[in-house]
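The values are calculated or read from the model by the stated rules, or taken from the named source; none is laboratory data. Not measured: the values here are computed from a predicted model. Here the Cβ is made from the backbone with ideal geometry for all residues, glycine too, and neighbour counts use every protein chain on show. All accessible areas refer to the heavy atoms of the entire protein, side chains included, with ligands and DNA or RNA removed. Shrake-Rupley method; radii C 1.70, N 1.55, O 1.52, S 1.80 Å.
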Amino acid sequence: MPEIKRVGVLGAGLMGSGIAQVSAQAGYDTVVREVSDALHERAVAGIGKQLGKAVDKGKLAAEDRDSTLGRLRGTTSLEELAECDIIIEAVVEDLEIKNEMWRTLDGICGPEAIFASNTSSLTIADMAAATRRPERMVGLHFFNPVPVMKLVEVVKTIATDPEVFETAFEFARSLGKEPIVCKDNSGFVVNLLLVPYMMDAIRAVEQGVASVEDIDKGMRLGTGYPMGPFTLSDFVGLDTLDKIGDIMYNEYKDKRYASPPLLRRMVSLGYQGRKSGKGFYDYAQDPPRVVDFGI
Ligand SMILES: NC(=O)c1ccc[n+]([C@@H]2O[C@H](COP(=O)([O-])OP(=O)(O)OC[C@H]3O[C@@H](n4cnc5c(N)ncnc54)[C@H](O)[C@@H]3O)[C@@H](O)[C@H]2O)c1
């Protein structure tokens, strides 16, 4: 099995930019692909800012920041991922958009390259089937924010080559992460258990059980969770959560996964959470204030 030296990342949004950062910090030459120059430039600049803050706090040596940024570059061209030993995909949670890219990269990348998806809820087999290398496809599911969260769910399908799986597992460890082994079911381990809880919280507000603030406070103080379900939903991205709900409801036909009407309405009105400045909380205020939906 060839050693991994060069990493390609698809998408430089919330997750892709974090994955690109930890890959470059771990010593890999890393190229991140976005649909526009503005988007990958913003992501790389954001990584530079984050690392700069760590230097200011004395948590990172200036040379390490500089060498990390020296290993990182952005592009809009898929061809520039041709030499990568592993491709980690973190674009919107849409199977057709992901598969269109896997089909293209299948023809561009070397036969040994490993393909890995950071999907939250799609199954890896449905992407492997779009390529001529299903045995070299795995799931590498990181958590938000990637530079902070230790967990990576490493997912194997019924077609994954055991050596490829081992290489991906060790790659996750080489990023300083704690990998776990998961079967290829929608939502893997964490989202299988977490998503119904997040959707139930939204239904509780719809039913007037309690307010957004009190439910968040209740779950934080009552369970020790670092944040409540609404702060978490805003962090994940309400558009992404809505897509995850559709995909998991389709897979399990269990209504606990289905997106509640309130979530649907919010997404159609552009409330995406922290990344759009408004979700269950309004982030233009400091501290963020709960949005009054008058329901
Ligand atoms: N947000 C989370 O907490 C979280 C956690 C784990 C996994 N995920 C998964 O990671 C993936 C990305 O989620 P996100 O939250 O970073 O979303 P995001 O909306 O922040 O970023 C998605 C990025 O993909 C880019 N994109 C779209 N089409 C593209 C293409 N053809 N080529 C390259 N880039 C393209 C968009 O421009 C956008 O910047 C999804 O599959 C999601 O389910 C999300």
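If you go through segment 100-129 one residue at a time, how many are part of a helix (DSSP H, G or I), open to solvent by 10 Å² or more (accessible area, probe 1.4 Å) and either closer than 24 Å to LEU238 by Cα or within 14 Å of the ligand (Cβ to nearest atom) (or both)?
Total satisfying the criteria: 6.
What number of residues within segment 130-148 satisfy the criterion of being more than 9 Å from the ligand (Cβ to nearest atom) and closer than 20 Å to LEU14 by Cα?
The number of residues fulfilling the criteria is 4.
Considering only segment 76-99, how many residues are more than 12 Å from the ligand (Cβ to nearest atom), farther than 19 Å from SER17 by Cα and open to solvent by less than 30 Å² (accessible area, probe 1.4 Å)?
1
Among the residues of segment 55-73, count how many are of a type outside the set (Ser, Thr, Tyr), surrounded by 15 or more Cβ atoms within 10 Å (Cβ to Cβ) and closer than 20 Å to LYS150 by Cα.
The number of residues fulfilling the criteria is 1.
Counting only residues that are within 12 Å of the ligand (Cβ to nearest atom) and either open to solvent by 30 Å² or more (accessible area, probe 1.4 Å) or modelled with pLDDT under 95 (or both), how many does segment 1-36 have?
Number satisfying all stated conditions: 6.
Determine whether THR167 is among the β-branched types (Val, Ile, Thr), assigned to a helix (DSSP H, G or I), over 23 Å from PRO260 (Cβ atoms) and open to solvent by less than 50 Å² (accessible area, probe 1.4 Å).
Yes; evaluated as a whole, the condition is true for this residue.
For PHE143, only one of the following conditions fails: (1) of a type in the set (Phe, Trp, Tyr); (2) open to solvent by less than 10 Å² (accessible area, probe 1.4 Å); (3) closer than 19 Å to GLY245 by Cα. What is its number?
Result: PHE143 passes all but (2).
Quick one: which residue in LEU51, LEU72 is more than 30 Å from GLU135 (Cα to Cα) and either of a type in the set (A, V, I, L, M, F, W, C) or within 11 Å of the ligand (Cβ to nearest atom) (or both)?
The conditions single out LEU51.
Of all the residues that make up segment 130-140, how many are of a type in the set (D, E, K, R) and buried (at least 24 other Cβ atoms within 10 Å of the Cβ)?
Total satisfying the criteria: 1.
State whether the residues of segment 249-266 include one that is away from the ligand (no atom under 11 Å from the Cβ), of a type in the set (Phe, Trp, Tyr), assigned by TED's automatic domain parsing to the domain that holds ASP216 and more than 14 Å from ILE202 (Cα to Cα).
Yes - at least one qualifying residue is present in segment 249-266.
Could you give me the residue pairs with C-beta distances under 9 Å whose first residue belongs to segment 90-108 and is in contact (Cβ under 8 Å) with a residue 24 or more places away in the chain, whose second residue is loosely packed, with under 14 Cβ neighbours inside 10 Å wherever it lies, and which are 6+ apart or on separate chains?
What qualifies is VAL91/VAL35; VAL91/ILE97; LYS98/VAL92; ASP106/ARG132; ILE108/GLU79.
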